[in-house]
Amino acid sequence: MKDAVKYIGRWQQKSVILEKLEGPIGEGSVEFPCGAKFEGCFHLSFAKIQGPCYVADGKYTFADGKYIENAWINTSDDLTMFGLKGVYEVRNADGSLASITSFWLNKRHGIEILVGSTVEAVEWYLGEEQKHYEVKNYTLNAIDKDRRELVVELANGILITMVGGRLEPNKYENYVYDNYLMAKVVYDNGDVYESINYDIRNLQPYGGCGTRRMANGMKRDEYYKGYELERIEREAWDRSRVEKKQIPNPINPEELITAYVWSNHIEYIDDFNMKYDGDVVDGMPHGQGVLSDVRSQAYIDGKMGYTWRFTYEGTFERGRCNGKIVFTDRDNNTTRECEWKNGLSVSAIPVTLRYEWERTLEGEFDIRTGEVEVRLGMRLPLDAFDYVRVLDMTDKYVQFNVCEPLCPGGVMYCEKELTYDLSYNLKLTWDKE
């Protein structure tokens, strides 16, 4: 052990047989070159993929007599590297509150709240003060005895949340102790940036990586060098900031459909998965936007392939299409166009389907027959077959989507006669001109 640090306490010798680490363990105390002292319990954990983990919890006393009653520090095995990490109340020698500080390696990064006649926030980076900010409000919350949450609302409209202390051991590594500091900055435009260990400078991402949750609902991992954004990874719509609700089906005026709704993006989760990007009012498409569907699948020459998809770009009224829908093939070539109004096609001629279906219910055999007029986008209004939807109509064929339970995402064609055989039997016929 180097002379610069004085440690008094129990020391564990490395055992090759047991593959344990060497270092301080149990009750002990440390005197640091800066004049600070620490007394507490050292936790010598087993090795992890990231390397060994040495942490200790106890009372940390600064050189000027200020102290933290319940602090967590990181140490190296020879105690030459150390640092507080977490969110703590720093008290004067007489016990009065001096500051609330978020530490990462002794003020290397973080936010400190100075408590006095006036309250101000100080940002630290690489152990140096950056800026002082006027504080509008702040709260300190205890998550548990080892973790604290500091929420600071600055006068400039930025909201900062710092969470730190001891990480909870997981079920696989219940012998591993670690401590951490997490920062979350909410900007006045609604964006939220989260970073482990506060890789932030002048309240902006500066180095390392973090997660940005944008005001429009997008989420992505960002990597910075200095203030420059180097790359973006895992960009997607954030399901943790979304409203799940029932809204009108844009291609069927008589139906509600479950969807995830963001400020300008909607994902429909019933039937084939349509998505919408554009103006949203009251949680529904209203105004200008683009509606598209995932490619429907069907067997072509004995192989599963894509047949077609549709894209609608134009005007929406209260959640429904009012304009032109373009159908494209699997090579994204336009095959035809249809005019829609209030969620129904006015270009495709309605088809009258004759249906005949039979089932055995509670030991009794039941046969039903009848006719139903269908349009593009409609479900078949038949008991037990309402998951069959008309996806496409031309003068040559009618195309159905079968969502469940036989072949999710599959497609059936009906040129003159369609038979769907399940626990129920459904037969559909129609006359071609």
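Some observations on this one:
- Yes/no for residue 136 being without any contact (Cβ under 8 Å) to a residue 40 or more places away in the chain, over 26 Å from residue 179 (Cβ atoms), among the charged types (D, E, K, R) and touching a strand residue (DSSP E or B) at 6+ places or on another chain (Cβ under 8 Å): yes
- Residue ID - modelled with the lowest pLDDT, chosen from residues in the stretch 38-54 that are part of a strand (DSSP E or B), surrounded by 17 or more Cβ atoms within 10 Å (Cβ to Cβ) and not aliphatic (A, V, I, L, M): 54
- Of all residues in the stretch 106-129 being over 33 Å from the mean Cα position of the chain (by Cα) and in a loop (DSSP other than H, G, I, E, B), the one that is surrounded by the fewest Cβ atoms within 10 Å (Cβ to Cβ): 117
- Of everything listed in (1) of a type outside the set (Phe, Trp, Tyr); (2) assigned by TED's automatic domain parsing to the domain that holds residue 41; (3) at pLDDT 85 or above; (4) surrounded by 14 or more Cβ atoms within 10 Å (Cβ to Cβ), the single unmet condition for residue 166 is (3).
- In the stretch 70-83, the residues that are farther than 21 Å from residue 181 by Cβ and modelled with pLDDT of 60 or more: 80
- Residue list for the stretch 186-212, filter: surrounded by fewer than 15 Cβ atoms within 10 Å (Cβ to Cβ) and part of a loop (DSSP other than H, G, I, E, B): 188, 189, 190, 191, 202
- Filtered residues of the stretch 91-105 (kept if touching a residue at least 24 places away in the same chain (Cβ under 8 Å) and either more than 23 Å from residue 155 (Cβ to Cβ) or not in a strand (DSSP E or B) (or both)): 91, 92, 93, 103, 104, 105
- If the condition is being assigned to a strand (DSSP E or B) and either exposed (fewer than 14 other Cβ atoms within 10 Å of the Cβ) or hydrophobic (A, V, I, L, M, F, W, C) (or both), then the stretch 222-237 contributes 225, 228, 229, 230, 231, 232, 233, 234, 235, 236, 237.
- In the stretch 19-37, of all residues being modelled with pLDDT of 80 or more and among the small types (Gly, Ala, Ser), the one that is farthest from residue 6 (Cα to Cα) corresponds to 26.
- Answer from 60, 88, 67 - the residue that is surrounded by 15 or more Cβ atoms within 10 Å (Cβ to Cβ), in the same structural domain as residue 146 (by TED's automatic domain parsing), modelled with pLDDT of 95 or more and at negative phi: 67
- Pairs with Cβ under 6 Å, 6+ apart, first in the stretch 286-297 and more than 16 Å from residue 248 (Cα to Cα) and crowded, with 17+ Cβ neighbours inside 10 Å, second among the polar types (S, T, N, Q) and at pLDDT below 85: 296/307
- Residue list for the stretch 6-18, restricted to those being among the hydrophobic types (A, V, I, L, M, F, W, C) and at pLDDT 80 or above: 8, 11
- Restricting attention to the stretch 246-256, the residues being in contact with a strand residue (DSSP E or B) (Cβ under 7 Å, 6 or more places away or on another chain) and either exposed (fewer than 15 other Cβ atoms within 10 Å of the Cβ) or not assigned by TED's automatic domain parsing to the domain that holds residue 293 (or both) number 2.
- Neighbours by Cβ (under 7 Å, 6+ apart or cross-chain): first from the stretch 164-189, more than 18 Å from residue 103 (Cα to Cα); second in a strand (DSSP E or B) and at pLDDT 80 or above: 186/159; 186/192
- If you filter the stretch 207-247 down to residues that are of a type in the set (A, V, I, L, M) and more than 10 Å from the chain's Cα centre (by Cα), you find that the one that is farthest from residue 267 (Cα to Cα) is 229.
- On inspection, residue 215 qualifies as assigned to a loop (DSSP other than H, G, I, E, B) and hydrophobic (A, V, I, L, M, F, W, C).
The values are calculated or read from the model by the stated rules, or taken from the named source; none is laboratory data. Here the structure is a predicted model, which means the values were calculated and not measured. Virtual Cβ from ideal backbone geometry, glycine too; neighbours counted across all protein chains shown.
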